[in-house]
Amino acid sequence: MTHMNQIEAGFMPAHRMRGIGVSLILEIGARAAQLKRAGRPVIILGAGEPDFDTPEHVKRAATAAMDRGETKYTALDGSPAMKQAVITKFSRDNDLHFAADEITVASGAKQILFNAMMASLNQGDEVIIPTPCWTSYLDIVRIAGGTAVTLPCDDSAGFRLNAAQLEAAITPRTRWLLLNSPSNPTGAIYSAEDYRELSAVLQRHPHVWLMADDMYEHILYDGRHFVSPLNACPELRERCLTINGVSKAYAMTGWRIGYAAGPAALIKTMAAVQSQSTSCPSSISQAAAIAALEGPQDLLAERAASFQKRRDLVVAALNDIDGLSCRIPEGAFYTFANCAGVIGRTAPDGTLIDSDTSYCRWLLDHADVAVVPGSAFGQSPYFRISYATSQSELTEALGRIARATAELR
């Protein structure tokens, strides 16, 4: 559409929104839900949302807060009680120690990311992001005026960035390195040694800061223990933002509470961004999040064990399908399977499977299973399954995938 046509149409989007829309994950979920409403037996394996309920003691804390009349504005970026709960969590779980002015709380970790990018990026500043990655990273950087520098890391590399890649990508415009461990969409984790190798590069480039998305911290498998970058690399403390939230660990996606710790000057500027967008997070959600962070933590290991059983089921089934191969994830609740073996095959109706996107479309149209193509995460030919659903649904969905894939010649 030309500039004049946009004006005639009545609305002209801002230049910053060019090429930015609702994520492909949400689009696939919406189409699958539409088919389901029309009576199709669709199984949706696209959502990054635990199927567990929010713990009862957390819900009771929210009700009690309402009964006490805690329905007013709180402090801009987290109530004192909420910030203290975050401080305690970092100390207890990560042996990291922060002051209140080094803590920020927002309406989800996505807002934390948005606040950080808006607070720190000038036009054209670069953010290094290993791919595959969560789709929102790239668009948040673009909206903030930055440039996302994506570095492909495939399954042969364990989906992890190495020091040589990082060194080669850094320029005078690089502002951040953004890492996510355990990863969405791959489930890959960075070890302490991985972080130390990357930190050695960052030490040679003091203008580059580290943003660590630790959202899936508590969903680890096979006896692994979580390592936050600052545990391995305390030398990065004054230029590291550590992001987390209650959505995944405590099944609180709809409560919308994320938090982060970082240098006070950055936190203060992020608060200024938040003051002109949403202002404070929900007072009731903060009360619930305090209960989650300060209450019993044994449910975290129980839920991770349940996810591990589902992981094992999904990985084994995918690796039994001709044309697919799937690396075993170390954490989170996703598989990121390689579908290169089915590219070039033809469906019975003559449809050519020429990409991961067309393969995923075939699975939705002919197997009633919704999965997300790797292209949505910046890496093809792969597809992501979220196994945060029941084992019975997973078993049925995997059977359908196997049968539909066997039809391709």
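The values are calculated or read from the model by the stated rules, or taken from the named source; none is laboratory data. Since the model is a prediction, treat every value here as computed from it, not as a measurement. With ligands, DNA and RNA removed, areas are computed over all heavy atoms of the protein, side chains included. Shrake-Rupley method; radii C 1.70, N 1.55, O 1.52, S 1.80 Å.
State the percent of C-alpha pairs, over all pairs in the range 238-363, separated by a distance greater than 22 angstrom.
60
Scan (1) 30, 27, 22; (2) 34, 26, 24; (3) 37, 23, 21 for the value of semi-axes √(5λ) of the Cα gyration tensor in Å calculated from this model and give just the label.
From the options (1) 30, 27, 22; (2) 34, 26, 24; (3) 37, 23, 21, the structure gives (2).
How much accessible area per residue does the range 1-91 have, in Å², with a 1.4 Å probe?
64
Measuring from centroid to centroid over Cα atoms, what is the spacing of the range 388-409 and the range 114-152 in Å?
35
Kirkwood hydrodynamic radius for the range 21-105: how many Å is it when counted over pairs of different Cα atoms?
In the range 21-105 this quantity evaluates to 17.0 Å.
Express as a percent, rounded to the nearest 5, the fraction of DSSP beta bridges in the range 124-281 (both residues included) that run antiparallel.
So the antiparallel bridges in the range 124-281 amount to around 20 percent.
Accessible area, 1.4 Å probe, largest first: how do R327, R68, R361, R256 sort?
Ranking R327, R68, R361, R256 by accessible area, largest first, yields R68, R361, R256, R327.
So how exposed is E396, as accessible area in Å² (1.4 Å probe, rounded to 10)?
The accessible area comes out at roughly 80 Å².
At 1.4 Å probe size, with no ligands or nucleic acids counted, give the accessible surface of T174 in Å², nearest ten.
Looks like 0 Å² after rounding.
Could you rank M118, M82, M215 by how accessible they are, 1.4 Å probe, largest area first?
Output order, biggest surface exposure first: M118, M215, M82.
Heavy atoms only, probe 1.4 Å: what % of the accessible area of the chain goes to carbon and sulfur, would you let me know?
Result for the chain: 54 percent of the exposed heavy-atom area is carbon or sulfur.
With a probe of 1.4 Å, find how much accessible area the range 167-232 has per residue, and write the answer as a whole number in Å².
Per residue, the range 167-232 has an accessible area of 35 Å².
Which lysines have a Cα lying under 29 Å from the Cα of K72, excluding residues fewer than 8 positions away in the same chain?
Straight-distance partners of K72: K59, K83, K89, K110, K248, K268.
How do I44, I128 stack up against each other in accessible area, from largest to smallest, with a 1.4 angstrom probe?
I44, I128
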